[in-house]
1. Measure off, as a whole percent, the carbon and sulfur share of the 1.4 Å-probe accessible area of the chain, all protein chains present.
2. Would you please name the trypsin sites (Lys or Arg not before Pro) within the range 1-48 that are DSSP coil residues with at most 12 other C-beta atoms within 10 Å of their C-beta?
3. Rounded to the nearest 500 deg cm²/dmol, what is the calculated helix-only ellipticity per residue at 222 nm for the chain, with -39500 (n - 2.57) per DSSP H run of length n ≥ 4?
4. Connecting C-alpha atoms closer than 10 Å in a GNM of the chain, tell me which of A88, A109, A11 has the biggest fluctuation.
5. Kindly identify the range 1-61 as rounded, prolate or oblate by the Cα gyration tensor criterion: order the square roots of the eigenvalues as a ≥ b ≥ c, call it rounded if a/c is under 1.5, otherwise compare a/b with b/c, prolate if a/b is larger, else oblate.
6. Using heavy-atom solvent-accessible surface (probe 1.4 Å) with all chains present, what is the largest-first order of M90, M1?
7. So in the chain, what percent of DSSP beta bridges are antiparallel if you round to the nearest 5?
8. Kindly report the accessible area of the chain per residue (heavy atoms of protein chains, probe 1.4 Å, no ligands, DNA or RNA), in Å².
Amino acid sequence: MLGKIEHIGIAVKDLEASNALFKALLGVEHYKIEEVASEFVKTSFFKAGDNKIELLEATSEHSAIAKYLEKKGEGIHHIAFDVEDIHAEMKRLEKEGFRLLNKEPKRGADNKLVCFIHPKSANGVLVELCQEIPKETE
Ligand code: ZN
């Protein structure tokens, strides 16, 4: 089963402008900026209480974020759930008929192993599974 919502991902056109906007909205500064070169995205993270918001900016036209912005414009891009065993959850969800976007977990931002579920198989919601990478294996 999936755990708590780990973060909500929001696609933005201009990370710097959106960092300022979300700082004004949430009343806190982002706590990290991280580029995920393999996904052609630059991300920033905010904490609001127990919740995390991830802003995503495309670093290349090949980025899924660039395609998303082109089609749908800025807005909520995905919901990420915490999982304890990503491999087991991927197997379970595949059996349930969900379409996984990657066959193996990938390394995502914020020290996580991630896997995405195709929005077409989840009522239009792009779902991200994420499992914290244990510090020992770094
Ligand atoms: Zn995410």
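1. Numbers: 4490 of 8320 Å².
Its accessible area is 54 percent carbon and sulfur atoms.
2. Details: sites: K4, K13, K23, K32, K42, K47; in loops: K4, K13.
Here the sparse-neighbourhood loop sites are K4.
3. Working: 3 runs with 31 residues, N = 138.
Helix contribution divided over all residues of the chain: -6500 deg cm²/dmol.
4. In the Gaussian network model the winner is A88.
5. On the way: a/c = 2.22, a/b = 1.14, b/c = 1.94.
Oblate, because a/c is 1.5 or more while a/b does not exceed b/c.
6. On the way: M90 10, M1 175 Å².
If we order M90, M1 from most to least accessible, we get M1, M90.
7. Among the beta bridges of the chain, antiparallel pairing accounts for roughly 80 percent.
8. Per residue, the chain has 60 Å² of solvent-accessible surface.
The values are calculated or read from the model by the stated rules, or taken from the named source; none is laboratory data. If you're wondering where the values come from, they're calculated on a predicted model, not measured in any experiment. Counting neighbours? That spans all protein chains shown, and the Cβs are built from the backbone with ideal geometry, glycine included. All accessible areas refer to the heavy atoms of the entire protein, side chains included, with ligands and DNA or RNA removed. Shrake-Rupley method; radii C 1.70, N 1.55, O 1.52, S 1.80 Å.
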